[in-house]
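Worksheet: one structure, shown below.
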Amino acid sequence: MPRLPQPVIEVAWRHTGEVGKVHYRAKRPDGSNRHLITKEGDALYELLEQHLQAIGYTGPKTAAEGSNEH
């Protein structure tokens with residue numbers, strides 16, 4: 001079975017107030033990116049949800065919490 005030379009999914013996140021959706025960015029073989037969405041009930045949603053929980057991600061920060069990401 002061939003192995004992919006680099007990760008395909010780079011990041012995953014939710015937008016404020018969204019339930020049952022995970023956004024993710026996938027890298028194409030030519031190096032360009034694609035913003036995609038998976039929804040609750042999809043196998044990929046469950047997989048990304050487990051990874052997000054494992055790193056302690058509970059959702060986007062509120063304005064009061066601030067953000068260090070730019």
Q. Label 7 Å along Cα→Cβ of Glu18; the range 30-55 residues with amide nitrogen under 20 Å?
A. 33-55
(Q) Show me the three semi-axes of the equivalent ellipsoid for the chain, from the C-alpha gyration tensor (sqrt of 5 times each eigenvalue), largest first, rounded to whole Å. (A) 24, 16, 11
Q | Neighbour net charge for Asn33 - beta-carbon separation under 14 angstrom, K R +1, D E -1 | A | +2
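A short reminder: the numbers here are calculations on the coordinates, not readings from a lab. Everything numeric here is computed off the predicted structure, so don't read it as measured data. Backbone-built Cβ (ideal geometry, glycine too); neighbour counts: all protein chains shown.
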